[in-house]
Amino acid sequence: MMKSPFLGVCYYPEHWPEHRWIEDAQKMVALGLRQVRIGEFSWSRIEPEPGRFEWNWLDRAIETLGDAGLGVMLGTPTATPPKWLIDAYPEILAYDINGCPRKFGSRRHYCFSSEKYADETLRIVEAIAKRYGDNDYVTAWQTDNEYGCHDTVRSYSPAAKLAFQKWLQARYENVNILNKKWGNVFWSQEYHSFDQVDLPNLTVTEPSPSHLLDFYRFSSDQVVKYNRLQTKIIRQYAPNKTIAHNFMGFTFSFDHFAVANDLDIAGWDSYPIGFLDVGPFSAADKERYLRQGHPDIAGFHHDLYRAVGNGRWSVLEQQPGAVNWAPHNPAPLTGMVRLWSHEAVAHGAQNVNYFRWRQAPFAQEQMHAGLERPDFKPSPAYAEAEQTFLDLEKTHRNNNTPKAKVAIIVSYEAQWVFEAQPQGENWNYVAILFEWYAALRRFGLDVDFVSADMPINGYKIVIVPSLPILTQAQIDRFSNSDALILFGPRTGSKTPTLTIPHTLAPGLLQSLLPIKVARVESFPDFHRIDGDFDGTQVAGHSWLDHVESELSPIVSSTDGGLLYCKDNYYYLTTLPNEMFFAALVATLAQKAGVQTTLLPPDIRLRQRGDLIYAFNYGPEPVDLPTNIAPKSESYILGAQTLEPAGVAAWKIE
């Protein structure tokens, strides 16, 4: 049984001569690694021709790795259906939004709605699970690989069209109900049967937002259904083994909570520098954190997937060096691979797997670094992984991640609503989640993410950046909570079929807050809505709800109220700038009795068990504030002065 937290690595034995396997396995163990993740892209080697299985090489690989003392996480190879399968059944392919098939020659080239691919998935997963389900060396399984990567959740194939029509019929039963719920009288969009409903692409102008939202829901449900198909087989043949999936960063095209209901562990693939380069960050942030990644990219996803996995989560791929897939691919600052590893542990990770053991000298990822170079020599990350293992021997106390005092409610459906009807090109739900999370972390606060359907008992402050579709069950949870609850703009603004509530926004929330949104505006980036918050000049941006209410606003502008409050409920009519949100967090924390410490911009804190961790994401040394720094003899790792990429950890006094 492996002690948690532990380190692992991703490995591709099929990429290397067999005589290398035993040497690689021995070096992994000597480095302190305890798990090796294999197999997720190996279909063409397992089944080179239809029905002809080649197991011997995989048998020997698992035995070699296991004999060396490594637990094997075995992936199902369904992210890469082989050429012979595509040639035999081209209907397996997904179609892009322009109606073109996404051809063989890369990966993730299948449609979740293909019934033929579901059959082939059952066949290959059953074959693998039968062979290795009771293998003692195979300690864990991974389904597929990175659902949603390369924009592959939403397919516009003929198979997706038929499946969508069936999904709609099951949801609405009668096409006249669909017409009414979608408002299809508008622009003569009424249907006489479900088989008339097309996919919402290639229309002259924007499709019906209700049509889009249901297509996004359907597409998410297809991922859930497909993943469940695999987990049922694995549980049949490997009933006592852990099942995981490796989710992606900043990917909201399907509901991760729903997928994780069928998993034991939520994994994610952490590439902080790559995500910085492709993310909606300022040029100044991209320059400052060029080799480190933004201070909140990793933490945001650690806390998100901790919630998705109901406390059980891991980093299944950790960036070890320069990647190959971003527009620009700088190498990490010395020490960052160690910092990222400890930060994952601090947020509650059960393990951290580095991607990958050795850089491949061929194919699409030949420029992606590993712990070893292609010439079998150590890369810079090798020594950092070794040091992390030694550090963990010092910091391992217990595995508890305490419940935070602050929670953020996250909704994948909210993202789909705003995709379907943004009403302003710079409204970005995921960016709002991230910015508000980062602002809370700047105050030294640990943060829990909570799905819109989870209890909120025990939290002092609950942040709802925006929840456009509200249910009565959610209102009841808000009503029964003792927390201070902050709602962002557009909350309660839509019905479940993406129409305006008959009482106007914020819909059901009006039972708690006597406000009515009479009209809304969205603005370009350069426009600011100035206001005064207890003597602090603040501003909103991007959006404004114009509210009718008997309540007097706490913060006003010449355009109208920006912040309203009744009892424990607060409502923002705009997106606050940094100063505005900081003043609001300070006010809420003081009222809720939550202690805060405004940290230096590059420092982040996190508690795990009886340890406090501190991380320096900046390019210069930073002294920890004296009000949080412990006595010098209390440090288990580091010291009060954190060098760039520095890590400190101390026991709570």
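The values are calculated or read from the model by the stated rules, or taken from the named source; none is laboratory data. Computed from a predicted model, the values in this text were never measured in an experiment. As a convention, Cβ positions derive from the backbone with ideal geometry for all residues, glycine included, and neighbour counts pool all protein chains shown.
Observations
- Which listed residue, of Val352, Val345, Val410, is more than 20 Å from Gly293 (Cα to Cα) and buried (at least 21 other Cβ atoms within 10 Å of the Cβ): Val410
- Residue count, the stretch 107-166 (criterion: among the small types (Gly, Ala, Ser) and part of a helix (DSSP H, G or I)): 6
- Identity of the residue in the stretch 83-102, in a loop (DSSP other than H, G, I, E, B) and touching a residue at least 12 places away in the same chain (Cβ under 8 Å), that ends up surrounded by the fewest Cβ atoms within 10 Å (Cβ to Cβ): Asn98
This table checks each residue for (1) more than 30 Å from Ser479 (Cα to Cα); (2) assigned to a loop (DSSP other than H, G, I, E, B); (3) under 31 Å from the mean Cα position of the chain (by Cα).
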site	(1), (2), (3)
Ser556	no, no, no
Gln590	no, no, yes
Thr626	yes, yes, no
Pro644	yes, yes, yes
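- Taking the stretch 10-59 as the range and being in a helix (DSSP H, G or I) and among the aliphatic types (A, V, I, L, M) as the test, the residues that pass are Ile22, Ala25, Met28, Val29, Ala30, Leu31, Ile46, Leu58.
- Close pairs (6 angstrom Cβ cut-off, 6 or more residues apart or separate chains): in the same structural domain as Asn329 (by TED's automatic domain parsing) in the stretch 362-373, surrounded by 20 or more Cβ atoms within 10 Å (Cβ to Cβ) and of a type in the set (Lys, Arg) anywhere: Gly370/Arg356; Gly370/Arg358; Glu372/Arg358
- Residue among Leu74, Leu33 that alone is under 23 Å from Lys130 (Cα atoms) and either crowded, with 21+ Cβ neighbours inside 10 Å or of a type outside the set (A, V, I, L, M) (or both): Leu74
- Among the conditions (1) farther than 30 Å from Ile500 by Cβ; (2) more than 31 Å from the chain's Cα centre (by Cα), the only one that Glu126 does not satisfy is (2).
- Members of the stretch 377-401 found to be surrounded by fewer than 13 Cβ atoms within 10 Å (Cβ to Cβ) and not acidic (Asp, Glu), listed by number: Lys377, Leu390, Lys394, Asn398, Asn400
- For first residues located in the stretch 300-322 and outside any strand (DSSP E or B), partners that are among the basic types (Lys, Arg) and lie 6+ apart or on another chain with Cβ distances below 8 Å form the pairs Pro320/Arg356.
- Within the set Leu470, Leu445, Leu392, the sole residue that is in contact with a Ser or Thr (Cβ under 9 Å, 6 or more places away or on another chain) and within 30 Å of Ala30 (Cβ to Cβ) turns out to be Leu392.
- Per this entry, Ser193 is not counted among residues that are buried (at least 16 other Cβ atoms within 10 Å of the Cβ) and either free of Cβ contacts under 8 Å to residues at least 40 places away in the same chain or polar (S, T, N, Q) (or both).
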